[in-house]
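Structure first, then comments.
We did not get these values from a lab; they are worked out from the coordinates using the rules stated. No experiment lies behind these values; they were computed from the predicted model shown. Glycine gets a Cβ as well: all are built from the backbone with ideal geometry, and neighbour counts include every protein chain shown.
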Amino acid sequence: MSREALVFYSAVDDPAAWREALAAELPDLDFRVAPDGVGDPAEVGYALVWSPPAGFFSRFPNLRLVTNLGAGVDALVRRDDLVPVPISRLNDPGMVQMMASYIIFAVTRYARDIDVFEAAQRRGEWTYVHPRALSEVKVGLLGLGELGTPAALALAGMGYSVTGWSRSAKTLPGVTCLTGRDGLETILAGSDIVVVLVPLTRESEGLIGAAELAMMRKGAKLVNASRGKLVDEAALIAALESGHLGGATLDVFVNEPLPAGHPLWTTPNVLITPHIASITVPALAARDVAESIRRVRRGEAPLHEVHAARGY
Ligand code: NDP
Ligand code: OXD
């Protein structure tokens with residue numbers, strides 16, 4: 001007798017860890033790993049995927065739910081071969097904590113002049129910079145979603161002066177919340193450190209271009225942990241080389257892995273990390289994946305449903 005199946009596809013996530021975590025939640029669900037272990041595609045009701053190849057979904061005539069193996073769904077909703085079933089994203093406590101830790105690290109490295117001391121150490125020099133109070137450091141956080149909001153609250157809780165930006169108006173304790181183009185320009189002009197955590201959509205692509213970089217304070221720092229295409233890389237390199245921007249921490253790039261010889265590798269004052277700001281921990285995320293499947297089985301909407309037309 002055939003069992004209802006889930007198909008897993010990811011070039012970066014560990015299928016064995018997901019198989020084990022989901023088996024604990026849904027022992028009746030058959031876990032199949034694409035491309036080689038799919039079996040009869042008609043038995044597949046659920047897909048748990050990260051950037052599957054073009055044409056992937058059309059093989060499965062009975063698909064009822066696609067779950068993105070991560071938070072950012074741009075690689076899913078921006079493709080033209082999606083089938084019309086609900087899409088959900090992951091949002092687990094481990095991912096939230098990890099992103100907050102990355103943002104706190106990147107902001108604090110600049111706020112405490114650690115980048116200056118790293119450079120001084122490379123020169124073998126004792127360089128004293130008198131520390132500033134954290135309340136004097138103005139942080140602008142673009143994107144107040146599932147990951148941005150906890151990061152903004154954590155920074156505010158540490159004493160930073162935090163202004164956040166989102167599409168819809170928000171109220172967060174200790175965080176000034178702005179919206180719209182005026183809000184964006186206020187943040188760019190008023191922040192020492194600007195953090196980008198807005199999803200990549202048709203609307204947000206190229207959000208930070210030459211004009212926006214020019215609005216930033218001289219010596220300000222940029223942190224991008226969202227998607228490379230939100231920032232114009234050529235304009236960023238120019239702003240760093242001219243000294244208008246004082247530094248950038250980049251976890252995401254237009255092309256990943258960042259190709260050898262790319263000018264960002266040698267642009268001054270850039271810290272590069274390989275898209276590790278946050279990851280999904282299967283043992284923590286499997287509960288939500290399983291609950292979404294249970295809900296879809298009951299004819300309900302899944303958890304963390306993505307609005308495909310909106311793009312996130
Ligand atoms: P959410 O979808 O929960 O939140 C997105 C936020 O951005 C919301 O506050 C939303 O506003 C705001 N927003 C969206 N579009 C616009 C716009 N055009 N103008 C202004 N604000 C906008 O996303 P998450 O917080 O979960 O994640 C953010 C991104 O982080 C992901 O999309 C992904 O790209 C990236 N990411 C990166 C990882 C890494 O390792 N580097 C790991 C995980 C995620 P509103 O609240 O009004 O809807
Ligand atoms: C992402 C993720 O969206 O890793 O980048 O979840």
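Worth pointing out:
- Length gained on full extension, R122 to D28: 28.1 nm, using 0.36 nm per residue less the C-alpha separation.
- Spatially, the range 1-51 and the range 211-267 are offset by 38 Å when compared through their Cα centroids.
- If both residues of a DSSP beta bridge must be in the range 94-272, then about 5% of such bridges are antiparallel.
- Extension gain from A308 to V12, taking 0.36 nm per residue of separation minus the Cα-Cα distance: 104.2 nm
- The chain: most fluctuating residue of I208, I114, I279 per GNM, C-alpha cutoff 10 Å: I114
- Rounded to 0.05, the FRET efficiency of the A54 and R181 pair, given R0 = 35 Å and the Cβ-Cβ distance, is 0.50.
- Axis angle, to the nearest 10 degrees, between helix 15-25 and the longest C-alpha principal axis of the chain: 70 degrees.
- For the range 52-68, the residues whose backbone nitrogen is under 20 Å from a point 7 Å from the Cα of E300, taken along Cα to Cβ, are 64-68.
- Qualifying trypsin sites (Lys or Arg not before Pro) for the range 244-312 [loop in DSSP, other Cβ within 10 Å: at most 13]: R298, R310
- Theoretical FRET efficiency, 1/(1+(r/R0)^6), r = Cβ-Cβ of L134 and D40, R0 51 Å, to 0.05: 0.30
- Summarising the amide proton neighbourhood of S10: residues at separation of 5 or more, or on other chains, whose placed amide H is nearer than 5 Å comprise W50.
- In this calculation the C-beta distance from N269 to M158 is compared with R0 = 30 Å, giving a FRET efficiency of 0.80.
- Hz values of 3J(HN,Hα) by residue in the range 267-275 - Karplus curve (6.51, -1.76, 1.60), Gly and Pro given as x: 5, x, 6, 10, 10, 10, 10, x, 6
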